[in-house]
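A short worksheet on the structure shown next.
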Amino acid sequence: MQKYIKEVFKDYQISNNLVESRIENINLYKKTNKLQLEVLADKKINIQDISSFEDFLCSKFNVAKTMIDVKYSEDATIEEDFQTEWKNIIMYIAKKEPFSKAMLTGSTLKIEDKNIFVELKIKGKKESVVDKK
């Protein structure tokens, strides 16, 4: 029987769609000091809610890193508006991998069919390759 996050983590007092999701699997990797949680959701979960809950789990279990993998049920209705969520996604990724913020700042999305393309705005020195024999 699957339990809801709000049932297992009663001390997490924030109400959102994430706590209404069902826990499918929890893994603790001792060697890498990482906690992984797989959940099944019926409603869209905001990236800020994931980030907040990951922080909670890191402090609760004293682990260095937490990853939450969200799967949506077949009858879930999700509006995919990546353009408006892109800044929040960048903030989330930068929190996990700080070096990525500089790389993703100013980037834009291009959505074609079911593919998402990220155009980076990195400026750097261009060098030509010359064969020096």
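For the chain, the longest principal axis of the alpha carbon atoms and the long axis of helix 82-96 meet at an angle near 90°. Within the listed set Y72, Y29, Y12, the Gaussian network model of the chain (springs between alpha-carbon atoms below 10 Å) gives the highest mean-square fluctuation for Y29. Think of each Lys and Arg Cβ as +1 and each Asp and Glu Cβ as -1; about the Cα centre, that makes the dipole of the chain roughly 1000 debye. Against the chain, whose longest principal axis comes from its Cα atoms, helix 47-61 is set at around 60 degrees. Counted over all Cα-Cα pairs of region 42-104, pairs farther apart than 18 Å make up 47 percent. On a per residue basis, the convex hull of the C-alpha atoms belonging to region 9-52 measures out at 87 Å³. Here the average projected area of the convex hull drawn through the C-alpha atoms of region 1-93 stands at 6.5 nm². Would you mind counting up the charge near D55? Only other residues with Cβ under 15 Å from its Cβ, with Lys and Arg at +1 and Asp and Glu at -1. My count for the surroundings of D55 gives +2.
FYI, it's all coordinate maths here, none of it is from the lab. The shown structure was predicted, so the numbers you read here are calculated from the model rather than taken from an experiment. Note: ideal-geometry Cβ built from the backbone for every residue, glycine included; neighbour counts use all protein chains shown.
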